[in-house]
Amino acid sequence: MKPAVKKIFDFLYGPFFAVLDFFMRHYKSNRTRLDNFIGKEKVATFFQGLAVFILVTWIVVFTLAPEEKRKQLMQEMSQNFEQLKAGVSK
């Protein structure tokens, strides 16, 4: 009787657990690869430099923009920040 129950269980729930296993294995291996990639000194330095470059670029854009565009940019950034806070708190 148990083999029949096992066959029914495998038929009903087997695909779900197979897909779950597939995604968990790939998530774990990709996470390990990403940690190794980010952990390299040159890569980490590159991303830090890129972040600083983007920040400086946005500061220059903001300072050179006309006043009405600055207000519009500040409103949009404020709305995006509020949406981000609302999404994080859920």
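The values are calculated or read from the model by the stated rules, or taken from the named source; none is laboratory data. On a predicted model such as this, the values are computed, not experimentally measured, just so you know. A quick note on method: Cβ atoms are made from the backbone with ideal geometry, for glycine too, and the neighbour counts reach across all protein chains shown.
On inspection, residue 27 passes the criterion of being in a helix (DSSP H, G or I) and at pLDDT 90 or above.
Tell me whether the stretch 8-25 contains one or more residues that are within 30 Å of residue 77 (Cα to Cα) and surrounded by 10 or more Cβ atoms within 10 Å (Cβ to Cβ). Looking for residues that are within 30 Å of residue 77 (Cα to Cα) and surrounded by 10 or more Cβ atoms within 10 Å (Cβ to Cβ), one finds none in the stretch 8-25, hence no.
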